[in-house]
Amino acid sequence: MTITVRFAPSPTGRIHIGNARTAILNWLFARKANGRFILRFDDTDLERSTKEYADGIATDLNWLGLKPDETYRQSERFALYDAAAGKLKSDGRLYACYETAEELDYKRKRQLARRQPPIYDRTGLNLSDEERAKLEAEGRKPHWRFKLDQRDIHWSDLVRGDVHIDTSSLSDPVLIREDGSYLYTLPSVVDDIDMGLTHIIRGEDHTTNAAVQVEIFEALGAPAPEFAHHSLLIGADGKGLSKRLGSLSIAAMREQGLEAMAVVSHGALIGTSEAIEPHTGMETLLEAFDLSKLSRAPGRFDMAELENLNARIVHQLSYAEVRDRLAALQSDGGEEFWQAVHGNVSKVHDAAEWHEIVFGDITGEIASEDRDFISQAAGLLPDEPWDDRTWKSWTGAVKDASGRKGKALFMPLRMALTGKQHGPELANLLPLIGRGRVAARLCPMPQDIVQP
Ligand code: GLU
């Protein structure tokens, strides 16, 4: 039996870090077991689902490195759902109901007022043929409910452990709306059977659905797969993520210049017993991956932590890995440039700023009390060729001549050469900036000199 899992987004928006986490866990589970990872677009809601969102989600997954083995769209599979609905109807498990939303609301309120649980009273199930005909003659169209067995449904969840849900505590779920459209519940089960799903890994907000779906699997004559309902993410402030989902979309993260592997590392490790460490490739994440390491407590998503992981990954990237991206930013300063700056950038695109500082026509900052000192340093510049020892020998000579040392020696030089108080080792930058630009920055025009 091939281990088979799926990521089943509804393409009614782009995916965010919470959905991506579900996709990552499914992908890791499949790869670890040499199984199949299916991407299934749950797009039966034809009004809210769009091709643009589906394409965007595929792009996001691709960027994250979560390539599906197979892709399906539910909107192309209605014949299967119709056949399953037909079977359930003829078996008496799917029954027509005629209440309007207002009538149902009224019933619920009345039950609550009587301190009864607001469970659907199965009026539809008990209608006679004449009553049904009369309702239809009034112009009413039925919606269809699945008749639950009203029993204890139990499974051993790979994250949550033993789960028991008594389906007599639930209303018979509507599977088909009045306009004939399917809610997510039935098509999902039909596809899970048809695609040979062995495991369903998804958010714990679907735990109650699972009980209903177990009954539907059985009604369609198939065993239910194993379930793993992972906890949901909360923000660093302990609140749900739903309010900030736009900025937490995978597309936004990509646009902000975050590394896919930072997002994947974070998504794979949040809410697990593993430390959240940067992984630069999938292999090490796969080695560490085990569903049993997922905690039942909510995972805490922290943008600051993701940014930090990102920086740690960027610091490890080789020139070969970033060359194309630097070129696209018109900031490919060669391998020595990347080696010089990569420890000081937290995103690859930040290298563009250093590219300008190293190779551009910039003026640094010289405080007026440092002017003579800087001129003195300019006079001591050695001839080229320069290498990574030039800084040491030059500043050694400047120290002897000026009597300055430590910060008083180095900071004015750094400010004059880069305009910044912090940055990469000047020993590495100096040969890249080169004598011509260094000399120009040390002897700037009077208007560039900053007064104290
Ligand atoms: N389309 C459903 C969702 O996005 C899928 C749930 C499931 O994995 O069964 O919530």
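Can you find even one residue in the range 232-249 that is within 12 Å of the ligand (Cβ to nearest atom) and within 21 Å of Ile15 (Cα to Cα)? For the range 232-249, residues within 12 Å of the ligand (Cβ to nearest atom) and within 21 Å of Ile15 (Cα to Cα): present. Of the residues making up the range 30-42, those that are crowded, with 22+ Cβ neighbours inside 10 Å and either of a type in the set (Val, Ile, Thr) or out of contact with any Asp or Glu (no Cβ under 9 Å at 6 or more places or on another chain) (or both) are Ile38, Phe41.
Within the range 84-99, the set of residues being without any contact (Cβ under 8 Å) to a residue 40 or more places away in the chain and more than 30 Å from Asp194 (Cα to Cα) comprises Glu99 only. One residue stands out among those in the range 157-171 that are assigned to a loop (DSSP other than H, G, I, E, B) and in contact with a helix residue (DSSP H, G or I) (Cβ under 8 Å, 6 or more places away or on another chain): the one that is nearest to Asn126 (Cα to Cα), which is Leu170. The selection criterion, being within 16 Å of the ligand (Cβ to nearest atom), more than 21 Å from the chain's Cα centre (by Cα) and over 29 Å from Thr123 (Cβ atoms), holds for His199.
For the range 219-264, the set of residues classified as among the β-branched types (Val, Ile, Thr) and either modelled with pLDDT of 95 or more or under 30 Å from Arg93 (Cβ atoms) (or both) consists of Ile250, Val263, Val264, listed by residue number. Of the residues making up the range 414-443, those that are at pLDDT below 95 and crowded, with 18+ Cβ neighbours inside 10 Å number 0.
Of everything in the range 176-192 that is within 14 Å of the ligand (Cβ to nearest atom) and crowded, with 19+ Cβ neighbours inside 10 Å, the residue that is farthest from Phe37 (Cα to Cα) is Tyr182. Cβ-Cβ contacts under 6 Å between residues 6 or more apart (or on different chains), taken from a first residue in the range 179-207 that is at positive phi and in a loop (DSSP other than H, G, I, E, B) to a second residue that is of a type outside the set (Lys, Arg) and near the ligand (Cβ under 8 Å from one of its atoms), are absent.
Of the residues screened, Ala101 is one that is loosely packed, with under 12 Cβ neighbours inside 10 Å and under 40 Å from the mean Cα position of the chain (by Cα). A single entry from Thr59, Thr12 fulfils the requirement of being surrounded by fewer than 21 Cβ atoms within 10 Å (Cβ to Cβ), farther than 21 Å from Ser231 by Cα, among the β-branched types (Val, Ile, Thr) and more than 14 Å from the ligand (Cβ to nearest atom): Thr59.
The values are calculated or read from the model by the stated rules, or taken from the named source; none is laboratory data. Owing to the predicted nature of the structure, the values given are computational and were not obtained by experimental measurement. Positions of Cβ are generated from backbone atoms using ideal geometry, with glycine treated the same way; all protein chains shown enter the neighbour counts.
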